[in-house]
Protein chains: 2
Amino acid sequence: MKDIQGGVCAPLGFKAAGIHCGIRKNKSKKDLALIVSDVMCHAASTYTLNKVKGAPIAVTKQHLLNGEAKAIICNSGNANTCNPNGEDIANAVCGLCAKELGINENDIIVASTGVIGQPLDLVPFENHMNELVQALHSQGSSDACEGIMTTDTVKKEYAVEFEIDGVTCHIGAIAKGSGMIHPNMATMLAFVTSDVNISKEMLNEVIHEVVDDTFNMVSVDGDTSTNDMLSVMANGLANNKEIVQKDESYHIFKDALMYICELLSKGIAKDGEGATKLLTCHVNNACSQKDAKVVAKSVITSSLFKAAMFGKDANWGRILCAIGYCEASYDVDKIEVTLASSAGSILVCQNGRGYPFDEDQALKILSEDEIEILIDLHDGNYQATAWGCDLTYDYVKINGDYRT
Amino acid sequence: MKDIQGGVCAPLGFKAAGIHCGIRKNKSKKDLALIVSDVMCHAASTYTLNKVKGAPIAVTKQHLLNGEAKAIICNSGNANTCNPNGEDIANAVCGLCAKELGINENDIIVASTGVIGQPLDLVPFENHMNELVQALHSQGSSDACEGIMTTDTVKKEYAVEFEIDGVTCHIGAIAKGSGMIHPNMATMLAFVTSDVNISKEMLNEVIHEVVDDTFNMVSVDGDTSTNDMLSVMANGLANNKEIVQKDESYHIFKDALMYICELLSKGIAKDGEGATKLLTCHVNNACSQKDAKVVAKSVITSSLFKAAMFGKDANWGRILCAIGYCEASYDVDKIEVTLASSAGSILVCQNGRGYPFDEDQALKILSEDEIEILIDLHDGNYQATAWGCDLTYDYVKINGDYRT
């Protein structure tokens with residue numbers, strides 16, 4: 001498996017585009033994205049578990065009942081959530097897009113991200129759908145990625161090449177994250193394309209397996225969004241023998257998808273609103289997989305711990321505190337905590353008690369922009385990893401006045 | 001029932017003191033507090049559910065096995081948590097205090113608050129226990145309150161007078177809060193005194209009933225501390241007929257205790273680390289008490305919502321989002337949200353959808369320093385209230401470098 005360029009257009013048969021259509025006032029910011037496959041794809045999605053759901057999610061669920069799709073359309077600047085006519089608008093967007101592409105509107109995945117509870121005007125879509133479709137290009141992934149960004153500061157766009165049975169295959173992806181990021185069984189917006197030939201059932205299976213270990217292990221601010229969605233479209237153009245069971249090919253595809261989703265997850269965590277640091281929490285030797293995950297996610301979600309990381313403060317007591325209040329099994333007296341970065345590593349807690357450490361060295365380690373928190377529970381054989389970011393002045397600034 | 005002065009010394013037979021003994025470097029900050037009753041009290045406590053618990057909690061639990069206590073000693077500046085010899089130190093502090101007071105060390109409630117995982121030196125206690133006991137005074141409540149404060153900026157000290165069967169009774173209280181505040185079945189540190197005559201069983205019963213509706217409904221930052229504790233000592237000197245069952249007298253006492261604990265809870269929320277606003281979330285017409293509480297607490301805990309309140313931004317979509325991801329039953333399409341303050345009130349969401357409102361009026365309402373969020377679920381007859389504060393630059397500043 002190797003990293004390649006091209007994002008969602010790296011797999012065979014995909015084109016993408018991103019334009020400014022006028023949903024946002026800032027004309028230099030793209031606000032509409034489109035990804036299209038030349039041929040019909042097997043497609044699957046996971047969605048937010050928030051009971052307040054964006055209208056596009058209801059429409060996409062309906063469209064994916066048959067497990068097939070040809071295109072994804074997504075706007076930023078407005079979440080189309082808690083609006084009286086949200087589903088009508090989402091359906092109308094699909095209708096406009098289908099007409100312009102000459103496809104069936106039921107084969108379109110639709111998504112929105114932005115402010116909740118403000119009516120979404122159809123006019124910008126009407127006026128610019130032709131322009132959007134004309135802009136479709138095999139190098140259009142970056143434009144599409146820009147089109148879905150909100151307060152994101154960097155593009156989250158990745159692709160890999162790998163082999164199944166001697167056949168070259170690809171996966172490409174774009175995602176947006178930043179704030180309201182604490183996925184639960186689903187994710188922020190992430191769109192994944194692949195030319196792998198895989199059955200609908202196996203595709204649906206694999207994305208749930210992957211999401212639990214990647215997007216669901218990220219937290220920026222503990223707030224699970226109303227519009228989280230991961231969609232995968234696989235068009236089969238790589239021409240491998242169709243994956244119809246959990247055989248070696250399935251696992252090769254799963255590993256590649258896991259790798260891409262992990263890159264997206266880390267990218268989203270590192271670009272969390274106001275973030276200056278990527279925090280990676282590895283929990284080792286837990287007595288179950290679930291316990292490992294719960295501990296890792298609790299630490300990565302703690303506001304106090306996140307603020308300490310912003311301040312480069314090796315305040316490991318807050319890590320113990322966050323382990324202490326989570327719903328997991330472990331023995332407090334066995335917990336070991338090490339802080340690490342490219343500048344080195346330092347043991348700060350052993351047997352659940354403070355371990356004398358050099359504050360200057362800790363400061364040096366915590367001054368890097370990627371920090372690892374290594375928690376050894378000495379209580380079993382399971383491990384998990386979670387990703388997050390620090391809590392900064394800029395998070396408050398960005399969210400103190402998001403709508404204006 | 002009427003508000004009175006005197007804090008924990010307002011009930012008959014209580015004295016208190018607070019001094020600087022040297023746990024903190026800043027000599028102008030008191031760091032040791034003592035509350036003593038002239039006679040033996042019935043006493044009960046609730047404790048943090050964090051599995052990482054401060055050493056003083058283990059010692060206090062042991063001392064309260066017989067439901068009796070005469071004194072409370074509490075230091076700030078060091079939590080005495082995750083230390084190898086924490087319990088030995090907590091026992092030694094009780095020993096020193098008992099000797100100086102001439103009482104049994106098993107009759108002392110001990111508590112600590114401050115940094116986790118730094119050894120607590122016994123020397124300051126040894127050198128200043130005599131001074132502390134000499135300072136005991138019937139007007140000493142404020143000094144004791146100062147002695148337990150950490151990043152608190154105002155004293156949380158209250159007292160009430162009320163009648164049971166024609167007998168005048170009192171309850172007094174002090175508390176500290178500020179950060180790491182998200183109590184679970186227990187609380188930050190709160191010490192309550194009373195001269196009411198009440199059985200051990202009824203005292204234990206009433207504090208659990210009251211805590212669930214008061215301290216457990218506060219969140220500053222979602223982090224449940226390792227040292228949370230509410231202790232109540234009732235010495236019976238008011239001379240009412242002993243309360244031994246849930247009769248009218250029990251309910252009068254419960255109402256007074258509820259009133260005091262609600263004042264402390266609001267005080268702690270308003271003085272949350274970096275806070276500029278007290279946020280009160282009332283949930284009405286839920287289909288159960290639990291659903292009402294879960295919704296209220298989810299809203300009050302959302303970082304995104306808290307940051308919006310700091311920015312005076314009527315971003316009600318974040319309220320809907322926080323309702324959506326909590327574990328409660330309701331009908332999204334019936335939710336109504338009103339924002340209110342002393343400057344007026346404004347409906348922002350009806351039937352789960354945006355309701356057109358005047359942004360200028362919303363700004364005026366949100367510019368006050370006490371904001372009410374009124375959520376009507378139109379789904380039953382239960383209600384609950386939760387308290388919190390906004391998320392500000394100063395929260396990040398305070399917690400970015402707490403230890404130094």
Requested in this report: Could you name the residue in chain A with the C-beta closest to the rotation axis that superposes chain A on chain B, along with the separation in whole Å?
Outcome: A:Tyr393, 2
Query raised in the report: By average Cβ neighbour count within 10 Å, what is the ranking of A:89-99, A:350-360 from highest down?
Result: A:89-99, A:350-360
Query raised in the report: Counting alpha carbon pairs within less than 8 Å and at least 6 residues apart, what relative contact order, in whole percent, applies to the stretch A:2-270?
Result: 26 percent
Requested in this report: Enter the accessible area of B:Lys312 (Å², nearest 10), with the probe set to 1.4 Å and all protein chains included.
Outcome: 80 Å²
Query raised in the report: How far is it, in nm, from the label point at A:Glu327 to the one at A:Ala343 when both lie 7 Å from their Cα along the line to the Cβ?
Result: 3.8 nm
Query raised in the report: Residues with beta-carbon under 11 Å from that of A:Lys2, excluding A:Lys2: net charge, scoring Lys, Arg +1 and Asp, Glu -1?
Result: -3
Query - Beta bridges per DSSP with both ends in the stretch B:1-137, % antiparallel, nearest 5 - result: 65 percent
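Tally the DSSP beta bridges in the stretch A:2-270 and give the antiparallel ones as a percent, rounded to 5. Could you put the intermediate results ahead of the total?
Values: 38 of 53 bridges.
Antiparallel bridges: around 70 percent, rounded to the nearest 5.
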Query raised in the report: Ordering B:Glu201, A:Glu327 by how much accessible area each has at a 1.4 Å probe, largest first, what is the list?
Result: A:Glu327, B:Glu201
Query raised in the report: Separation of the stretch A:191-225 and the stretch B:334-404 by C-alpha centroid, Å?
Result: 34 Å
Query - Calculated FRET efficiency for the pair A:Gln139/B:Asp369, C-beta based, R₀ 45 Å, to 0.05 - result: 0.25
Query raised in the report: Under a GNM of chain B (C-alpha, springs under 10 Å), which listed residue has the highest mean-square fluctuation: B:Ala71, B:Ala58, B:Ala175?
Result: B:Ala58
Report summary line: Farthest towards the positive end of the dipole of the stretch A:24-155, among A:Gly67, A:Leu120, A:Val36 and with Cβ unit charges of +1 on Lys and Arg and -1 on Asp and Glu, lies the Cα of A:Leu120
Query raised in the report: With every protein chain left in place, what is the accessible area of B:Glu262 in Å² (1.4 Å probe, nearest 10)?
Result: 70 Å²
Query - Accessible surface of A:Thr81 - all protein chains present, 1.4 Å probe, nearest 10 Å² - result: 0 Å²
Query raised in the report: Which percentage, to the nearest 5, of the DSSP beta bridges contained in the protein assembly as shown is antiparallel?
Result: 70 percent
Report task. Could you pull the copy-to-copy label distances for B:Leu347, with points set 7 Å along Cα to Cβ, in nm to one decimal and sorted shortest first? Result -> 6.4
Query raised in the report: For A:Asn235, what charge total do you get from the other residues with a beta carbon under 11 Å from its beta carbon, if Lys and Arg give +1 and Asp and Glu give -1?
Result: -2
Report task. Between B:Asp369, B:Asp394, B:Asp228, find the one with the highest GNM mean-square fluctuation for chain B; connect C-alpha pairs within less than 10 Å. Result -> B:Asp394
Report summary line: 1/(1 + (r/R0)^6) with r = Cβ-Cβ of A:Glu242 and B:Asp212, R0 = 60 Å, i.e. FRET efficiency to nearest 0.05, evaluates to 0.60
Report task. Report, as an integer, the average count of C-beta atoms from other chains found within 10 Å of each Cβ along A:306-316. Result -> 5
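When the helices in chain A are scored as -39500 (n - 2.57) per DSSP H run of 4 or longer and the sum is shared across all residues, what 222 nm value do you end up with, to the nearest 500 deg cm²/dmol? Don't skip to the end; give the middle numbers.
Numbers: 11 runs with 127 residues, N = 404.
When only DSSP H runs of four or more count, the value is -9500 deg cm²/dmol.
Averaged over peptide A:112-119, how many Cβ atoms belonging to another chain are found within 10 Å of each residue's Cβ? Could the numbers behind the result be given before it?
Details: counts 0, 0, 1, 3, 10, 14, 2, 3.
So the per-residue partner count for this stretch is 4.
Quick one: work out Rg over Rh on the C-alpha atoms of the stretch B:137-256, Rh as Kirkwood radius.
Numbers: Rg = 15.0 Å, Rh = 15.1 Å.
On the Cα set of the stretch B:137-256, Rg over Rh gives 0.99.
Work through the residues other than A:Cys21 whose Cβ is under 15 Å from its Cβ and net out their charges, Lys, Arg +1 and Asp, Glu -1.
On the way: positive: A:Arg24, A:Lys25, A:Lys27, A:Lys29, A:Lys30; negative: A:Asp31, A:Glu100, A:Asp121, A:Glu126, A:Glu131, A:Asp143, A:Glu146.
Result for the neighbourhood of A:Cys21: -2.
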Query raised in the report: Between copies, how close do the B:Thr168 label points come, placed 7 Å along Cα→Cβ, listed in nm from shortest?
Result: 9.3
Report summary line: Cα-based Debye curve of the stretch B:278-400 sampled at q = 0.09, 0.10, 0.16 Å⁻¹ gives log₁₀ I(q)/I(0) of -0.22, -0.27, -0.70
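Please give the average number of partner chain Cβ atoms lying within 10 Å of the Cβ of each residue in B:80-88, rounded to a whole number. All intermediate terms of the calculation are to be shown ahead of the outcome.
On the way: counts 0, 7, 12, 3, 5, 1, 1, 0, 0.
Going residue by residue through B:80-88 and averaging, the value is 3.
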Report summary line: Computed for the protein assembly as shown: size of charge dipole around the Cα centre, +1 on C-beta of each Lys and Arg, -1 on C-beta of each Asp and Glu, debye to nearest 20, value 800 debye
Requested in this report: For the protein assembly as shown, state the semi-axes of the equivalent ellipsoid (square roots of 5 times the eigenvalues of the alpha-carbon gyration tensor), sorted largest first and rounded to whole angstrom.
Outcome: 53, 30, 21
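The values are calculated or read from the model by the stated rules, or taken from the named source; none is laboratory data. None of the values given here were measured: they were computed from a predicted structure. As a convention, Cβ positions derive from the backbone with ideal geometry for all residues, glycine included, and neighbour counts pool all protein chains shown. These area figures cover heavy atoms from the full protein model, side chains too; ligands, DNA and RNA do not enter into them. Shrake-Rupley method; radii C 1.70, N 1.55, O 1.52, S 1.80 Å.
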